[in-house]
1. Give, as ranges by residue number, the residues of segment 181-211 whose backbone N falls under 17 Å from the point 7 Å along Cα→Cβ of D231.
2. Tell me the carbon and sulfur percent of the accessible area for segment 334-376, rounded to whole percent, probe radius 1.4 Å.
3. Would you mind checking which residues have amide H under 5 Å from L304's amide H? H placed 1.01 Å from N; only 5 or more apart, or other chain.
4. Where the centre of each part is set by its Cα atoms, how far does segment 297-357 sit from segment 138-206, in angstrom?
5. Taking R0 as 35 Å, what's the FRET efficiency between A330 and Q373 from their Cβ-Cβ distance, rounded to 0.05?
6. What ³J(HN,Hα) values, in whole Hz, does the Karplus curve 6.51 cos²θ - 1.76 cosθ + 1.60 give for segment 184-200 when θ = phi - 60°, with x put for Gly and Pro?
7. Note down the net charge around A330, summing +1 for each Lys or Arg and -1 for each Asp or Glu among other residues with Cβ under 15 Å from its Cβ.
8. Report, by chain and number, residues whose modeled amide H sits under 5 Å from the one on G396, excluding near sequence neighbours (fewer than 5 apart, same chain).
Amino acid sequence: MDADAIVAELYTEAARQDPNPWYAMLHELGPASALDQATSVYAAVANGFDAVDEVLRDPRFIKTLGPADKLDHPVLATLSRSMMFSLEPDHGRMRRLFNKIFTARRVAALEADLLGAIDGLLDRMAELGAGGAEVDFVAEFGYLFPTKVIGFLLDLPESDLAWFRERAQHIDRYLDLGGKSPEKLRSADDAVLELTDYYLRLIAQRRAAPGTDLVSGLVQLIDSGDDRISDIELVANLVVLLNASFVTTMNLLGNGLLPLLARPALVDRVRADADFASRCVEEILRHDSPVQLLSRVAADDTELAGVPVPKDGVIMVLIGAANRDPRKHADPDSFDPARPDVGHLSFGGGGYFCLGAALSRLEGRLAFPRLFQRFPDLAIAREPVRSDGLLLRGYGVIPVTTGGRGAA
């Protein structure tokens, strides 16, 4: 099977359930392969670890959102104004502002709130799981925990948090591989317009009565005159923050639960050893990345791993494949937190490295030990259901039983 046929398979339901067999086929062809632009929007696919790392870091390859004739749509117009999709100098200008507020100190200061949120959600899981009843881990913990974290960061009313999930899902479905239907575009546009209205009102409130939250800090910096960013650019970045934080962390938690529960000895170590829990988070990110793919455009005629890429050629950047590159990791399909190198590209690389990486790692490091301490007999009740996306890979439903001990 050639690269074009393999990439075509990534659009299928089978690949959404498990893309790794197709990633392995791409690795057999090399770290990158040319694609037929007569039948694909992509000029090449990058799947090797070093090739993907090069694309993510090298300024020859730039961010893209899609066809120019679609950029007037609210979803793409908004995303294009965010630092995630902006080029220099705009990317650096916005990134520097957020770096001043979204600091390691701010993330560390959240730990007590995070632990309180975890314990409250585990209490609810215990109630729902009383008497051996099934509990959906995704709905009752995987989604709620990172959503609460966003609430802490932005100081949002708890009653508003459920409203955000639906809007984020509409945006993610449009951005997913094969998701560019007119219906999904309309839904994403509507979601962005609603989020924009919400955030503009929030900015106005924080400007009138500032607090200690992230938005208040950003508004104060903007209004001081030293950091030039418009309110509409701030809104764009808040929209991206919502999608890039809670959905990916939700998938991190779900993607990690299954391989851990399948290995009781690892669960015992996670329960007792915070350093090992951190290492498990890194292996989860490598083994089943919450973000599977990105795209980049060649700024000029160039090549990648010996593959010619024409100017304006779009490259499919397979992070999930890179993390399982046998040239980088021995036995890459095995889940092994003790492997010598748990390096991965799940947070990207270079100037666009994920702003929330430290927070996501903290959420995983705190959640898994607390979960296994509270429910020593936690078990998968029946076959989990994968979500229907590949761009953001995770589970829609994970039925569990909490067990007798700790469940009361």
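1. Correct set: 193-211.
2. It is 55 percent, rounded to a whole number.
3. The list, which skips near neighbours in sequence, is V309.
4. Centre-to-centre (Cα) distance: 28 Å.
5. The formula returns an efficiency of 0.65 here.
6. Rounded to whole hertz, the list is 5, 5, 4, 5, 5, 4, 4, 4, 5, 5, 5, 5, 4, 4, 4, 5, 5.
7. Values: positive: R286, R324, R327, K328, R339; negative: E283, D325, D331, D333, D336, D341.
The answer is -1.
8. V385, R386, S387
The values are calculated or read from the model by the stated rules, or taken from the named source; none is laboratory data. What you see is a predicted model; the values in this text were computed from it and never measured. All Cβ positions, even for glycine, are placed from backbone atoms using ideal geometry, and neighbour counts span all protein chains on display. Please note that ligands, DNA and RNA were not included when accessible areas were found on the heavy atoms of the full protein model with its side chains. Shrake-Rupley method; radii C 1.70, N 1.55, O 1.52, S 1.80 Å.
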